[in-house]
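The values are calculated or read from the model by the stated rules, or taken from the named source; none is laboratory data. For clarity, every value in this text was computed on a predicted model and none was experimentally measured. FYI the Cβ positions are ideal-geometry reconstructions off the backbone, even for glycines, and counts take in every protein chain you see.
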Amino acid sequence: MSHASRLRALAESGLVHPNPAGVRAPLFVPDAGFFLAADKVQVKYEMLRAHLVEGQPVTDAASVHGYSRAAFYLVSASFEQLGMAGLLDQPRGRRGPVKLRAEIAEFIRTTATGSGAEVAAQVADRFGVRLHRRTVERARGR
């Protein structure tokens, strides 16, 4: 894979390091071939390895890889929880509606009738949960 095609693939996947110029670790010298400072996942992995295997202090490992000490700890915790998948950025924000539990969604799709506002009122009466009419409409798939 050429350098240009690798950069293009990283960009399409959202995996470009936010500060590749800040990566000063010796492995990532320009034209290093395998090691690419623009590869966010590779840089995060090498940052963790520099600390855990080589014994570099956290601040040094983070700094030479273009990250802050706080970011190091976030990457480390994510890696500890999820392994290699933890090196990928997680989408920000909620992972879906908080109030829309499975039984409420099922009720909306199979039992409730009426407009979004009417169904929201039915949900409030039956489950004690107040939903916005748009949440109801999205749950119906409209």
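Observations, loosely collected:
- When residues of the range 6-26 are limited to those that are touching a strand residue (DSSP E or B) at 6+ places or on another chain (Cβ under 7 Å) and under 13 Å from Ser63 (Cβ atoms), the one surrounded by the fewest Cβ atoms within 10 Å (Cβ to Cβ): Ala25
- From the options Arg8, Arg49, residue that is without any contact (Cβ under 8 Å) to a residue 12 or more places away in the chain and over 21 Å from Gly86 (Cβ atoms): Arg8
- For the range 78-97, a residue qualifies if it is in contact (Cβ under 8 Å) with a residue 24 or more places away in the chain, touching a Gly at 6+ places or on another chain (Cβ under 8 Å) and of a type outside the set (Asp, Glu), and exactly one does: Phe79.
- The lone exception for Val75 - which of (1) touching a Ser or Thr at 6+ places or on another chain (Cβ under 7 Å); (2) in contact (Cβ under 8 Å) with a residue 12 or more places away in the chain it fails: (1)
- Those helices (runs of 4 or more DSSP H) of the range 62-142 in which at least 2 residues are buried (at least 17 other Cβ atoms within 10 Å of the Cβ) and not assigned by TED's automatic domain parsing to the domain that holds Ala38, considering only elements entirely within it, cover 102-110, 116-127, 133-140.
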